[in-house]
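What follows is calculated from the coordinates using simple rules that are stated; it is not laboratory data. Note that the coordinates shown come from a computational prediction; the quantities given were computed from them, not determined experimentally. With ideal geometry, Cβ positions are generated from the backbone for all residues, glycine too; neighbour counts draw on all protein chains shown.
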Ligand code: GDP
Ligand code: MG
């Protein structure tokens, strides 16, 4: 599509790539800019580190506002309509802050990734990004590892919306250069095609195509390009898919497998108290008991208090490997898009405990337990050794058996059990000693 609208020496140009990672946007851009060092500029989204994403357009326009600068490449993937629209919106909004109101700006699109070549593009860009290694602002091979890099790249490919000139926003481009994709010297071929098509459409910008050997030399130089800016992935670069925040556990607990045995011991404990016995069976048969029994060891909420924070950190440190693995798997599955929480992750650590007493008031039925880990920490590792300095964060370790109202929160067990242990109870609270002959063991789980 060639745009015949009047163009003169005051006209300025912006180039928006449409691409996925590794197609050679930066290499091609550098090749072009090296050919016209005075009049062309190149702003990379990957160089923008602040919160304000529109800095990409602000910096581009700032550069374009210089008298000698005629064309700026706004280097970002823009692989979705939404991102292309955003560039046009920013341009609309910011243009007059940087350029005289009557400045004529032409926007040239350059499509780097033909849709029918995506499988090859995937192959070749993966290989290139492996070779690029750490030579990138944010996608660093050593830091992120293969899985994450592959995840990020696949995310782009999956979400890619190729140029569609008949619809908005792609019908707003004044010129569209549709590049092919090849393995060998693709950025050189790209640069040549861009030069030729812009020369044809806007000879005012490229009156004369540089000689082949000049373009060659410029391309060779660009292949050695090393970024100067370092950036952490996931901070504020809308070009990248958001790197999900590291998902940490919501709480850590010992999951009890001996459900029936524990219910039985509780039942035996109250066998002689007729009113409780009957109610106990009623609640049990009507499914009011907790489906899963556990002893909470730590909760992220407790990390709000100073003391709790230290212990919660120790827990997270102890289970760093499991937490990292869980997050890696999420990224692999979803390529950095949405994530499903609520899973639990088993560890090889165990908690040993004995039942102590049943506490029952109008809101909750809970069992106070005694942890038998011994001195220095309550958790046992897979060798049977004590894990030092890890303690249950709850003052009174317990199992919540049953909530007696829909608005009762499980944390209320803490209140009840503490009152019982401190003997600060009234006659509405029933406390029954339980048989503590058996020592139970339960695996520690991270609840994500
Ligand atoms: P971008 O993510 O689209 O900006 O891609 P880059 O321009 O950073 O290119 C990705 C990697 O491929 C870099 O290591 C480049 O040096 C390399 N690369 C780019 N174009 C070519 C090319 O035409 N030939 C070869 N061999 N490598 C290239
Ligand atoms: Mg780049």
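Let me know the shape class of the stretch 16-92, please: from the alpha-carbon gyration tensor, a ≥ b ≥ c as square roots of the eigenvalues, rounded when a/c is under 1.5, otherwise prolate if a/b is greater than b/c, or oblate. Walk me through the numbers on the way to the answer.
Details: a/c = 1.77, a/b = 1.19, b/c = 1.49.
Oblate, since a/c reaches 1.5 and b/c is not below a/b.
Just want to confirm a number: the relative contact order over the chain, from Cα pairs under 8 angstrom separated by 6+ residues, in percent.
Working: 784 pairs, mean separation 74.9, N = 448.
Contact order relative to length: 17 percent.
Treating the angle as unsigned and between 0 and 90°, give the value, to the nearest 10°, between the Cα long axis of helix 306-318 and the longest Cα principal axis of the chain.
That helix lies at roughly 70 degrees to the long axis.
Under the definition of Cα pairs under 8 Å and six or more residues apart, what whole-number percent is the relative contact order of the stretch 73-221? Don't skip to the end; give the middle numbers.
Details: 105 pairs, mean separation 46.8, N = 149.
Reported as a whole number, the value is 31 percent.
Please give the peptides 170-183, 390-403 ranked by average Cβ packing (other Cβ atoms within 10 Å per residue), highest first, as a rough proxy for protection.
On the way: 170-183: 17.4, 390-403: 21.1.
Answer by packing, highest mean first, reads 390-403, 170-183.
Once a ≥ b ≥ c are taken as the square roots of the eigenvalues of the Cα gyration tensor of the chain, is the result rounded (a/c under 1.5), prolate (a/b larger than b/c) or oblate (a/b not larger than b/c)?
On the way: a/c = 3.63, a/b = 3.03, b/c = 1.20.
Prolate is the answer for the chain, as a/c is 1.5 or above and a/b outweighs b/c.
Relative to the longest principal Cα axis of the chain, at what angle does helix 259-269 sit, 0 to 90 degrees, rounded to 10?
Once rounded, the angle reads 30 degrees.
Treating the angle as unsigned and between 0 and 90°, give the value, to the nearest 10°, between the Cα long axis of helix 186-201 and the longest Cα principal axis of the chain.
50 degrees
At a threshold of 8 angstrom on Cα-Cα distance, excluding pairs fewer than six apart, so keeping six or more, what relative contact order does the stretch 352-403 reach in percent? All intermediate terms of the calculation are to be shown ahead of the outcome.
On the way: 93 pairs, mean separation 18.6, N = 52.
Across the stretch 352-403, relative contact order equals 36 percent.
Taking 7 Å along the Cα-to-C-beta vector as the label spot, tell me the residue 423-residue 409 distance in nanometres, rounded to one decimal.
Here the answer is 3.0 nm between the modelled labels.
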